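Notes follow once the structure below has been shown.
The values are calculated or read from the model by the stated rules, or taken from the named source; none is laboratory data. All of these numbers come straight from a predicted model, not from anything done at the bench. Note that each Cβ is placed from the backbone with ideal geometry, even for glycine, and that neighbours are counted across all protein chains shown. Heavy atoms of the whole protein, side chains included, go into the accessibility calculation; ligands, DNA and RNA do not. Shrake-Rupley method; radii C 1.70, N 1.55, O 1.52, S 1.80 Å.
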Amino acid sequence: MGLKKLAVPLGCIVIAFGLFVVNAQQPGDDEVRGAFISSRQKTTNTNAPPRRHKRRHTTGASASASVTVSTTNANSANANKSLTDGRARVTGPIGLGYTLFMRNQFGKAVRVDPAREFHNGDSVRVALEPSIDGYLYIFHTENDGVPEMIYPDSRLDYGDNTIDAHVPVEVPSSEETDERLRWFSFYGNGGVERLYIVVTRDPLPGVPTGDNLVSFCAANKDKCPWRLSADVWAQIQLSARADVKVVNNSQFGQPQSQSEVAATTRGLGLDQSAPQPSVIRMSASTKAPVLVTVLDLIHR
């Protein structure tokens with residue numbers, strides 16, 4: 001089985017969401033959706049200079065800051081009032097919106113139902129919209145094997161994995177110069193693989209990013225993609241079982257909007273008029289230091 005983006009082999013995909021939901025006293029769908037959308041900026045300043053692909057320099061200390069992923073240590077994770085790279089810390093729960101786009105016969109990106117099955121020749125990408133300034137990691141596992149880090153990547157943006165609230169990130173990026181790198185394409189035999197999308201307030205401990213990741217991969221090409229330690233991986237899996245609220249949008253078939261394209265390619269924040277994500281996931285705890293989203297990838 002396979003799902004490939006040239007040098008980044010993966011599996012094949014349907015997204016499983018809503019694995020863990022909060023209990024009845026938590027906010028309803030409309031309240032969660034409203035909280036997520038209202039935290040977007042009211043209008044997008046299209047005259048602002050582009051921010052995408054701007055390199056942020058990090059030190060070795062910040063890249064391996066000692067912050068625990070487990071939600072049991074949320075208070076200590078929020079003790080500082082700023083992020084390790086100097087940005088102001090955003091309070092409130094961590095939210096992540098994501099939308100699955102599929103390439104149509106004209107090469108355009110259109111929204112598709114995450115619950116559909118995919119077949120050989122299909123090509124997809126995922127658009128991610130965090131609600132906080134923080135850090136993004138994506139890990140891939142196959143048959144419960146050793147997790148590989150496919151984002152950040154030392155070949156993209158100098159290994160930078162910082163994210164800005166409501167500035168969308170595409171995986172893979174539509175800005176790749178090689179068309180083959182712009183999509184995950186299904187091929188081979190069917191099967192199931194899994195992605196873990198991890199949004200954190202602080203960098204994961206012991207995981208190289210930025211200059212550290214670039215230097216490591218240059219000297220250890222056989223060890224990249226980076227593989228997590230057992231301790232950090234166990235904490236991520238524990239956090240994947242934390243209570244979250246999940247809201248789904250059942251509207252599919254629409255092309256990617258011009259506002260989404262502009263925000264993605266120029267690194268601008270989405271405004272409140274932009275289409276809502278297909279799925280919104282929000283931590284039940286306002287102090288949770290991490291939100292883990294598990295995407296099961298199914299190929300028939």
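Looking for something open to solvent by 30 Å² or more (accessible area, probe 1.4 Å), at pLDDT 60 or above and among the basic types (Lys, Arg) - is there at least one such residue anywhere in the stretch 66-84? Scanning the stretch 66-84 turns up no residue that is open to solvent by 30 Å² or more (accessible area, probe 1.4 Å), at pLDDT 60 or above and among the basic types (Lys, Arg). For the stretch 173-216, the set of residues classified as open to solvent by less than 30 Å² (accessible area, probe 1.4 Å), part of a loop (DSSP other than H, G, I, E, B) and farther than 30 Å from Ile37 by Cα consists of Val207, Pro208, listed by residue number. Every condition in (1) closer than 29 Å to Ile298 by Cβ; (2) at pLDDT 90 or above is met by Val171 except one, and the failing one is (2). The requirement of being modelled with pLDDT under 90, over 17 Å from the mean Cα position of the chain (by Cα), open to solvent by 40 Å² or more (accessible area, probe 1.4 Å) and within 19 Å of Phe252 (Cα to Cα) is satisfied by Arg116.
Among residues of the stretch 104-130 that are of a type in the set (Gly, Ala, Ser), those with a Cβ under 6 angstrom from a residue that is open to solvent by 40 Å² or more (accessible area, probe 1.4 Å) and part of a strand (DSSP E or B), sequence gap 6+ or separate chain, pair up as Ser123/Arg103. Could you tell me how many of the residues in the stretch 156-172 are in contact (Cβ under 8 Å) with a residue 24 or more places away in the chain and assigned to a loop (DSSP other than H, G, I, E, B)? Total satisfying the criteria: 8.
Within the stretch 217-240, being open to solvent by less than 40 Å² (accessible area, probe 1.4 Å), closer than 13 Å to Val146 by Cα and outside any helix (DSSP H, G or I) holds for Cys224, Leu228. If you go through the stretch 263-300 and keep only what is in contact with a Cys (Cβ under 6 Å, 6 or more places away or on another chain) and either part of a loop (DSSP other than H, G, I, E, B) or within 18 Å of Glu170 (Cα to Cα) (or both), you end up with just Leu297. Taking the criterion of being within 21 Å of Gly92 (Cβ to Cβ) and of a type in the set (Lys, Arg), the residues of the stretch 245-300 that qualify are Lys245, Arg281, Lys287.
Take the residues in the stretch 253-265 that are surrounded by fewer than 16 Cβ atoms within 10 Å (Cβ to Cβ) and not β-branched (Val, Ile, Thr), then tell me which one is farthest from Glu129 (Cα to Cα).
The selected residue is Gly253.
The set of residues in the stretch 85-104 that are open to solvent by 40 Å² or more (accessible area, probe 1.4 Å) and modelled with pLDDT under 90 comprises Asp85, Gly86, Ala88, Val90, Thr91.
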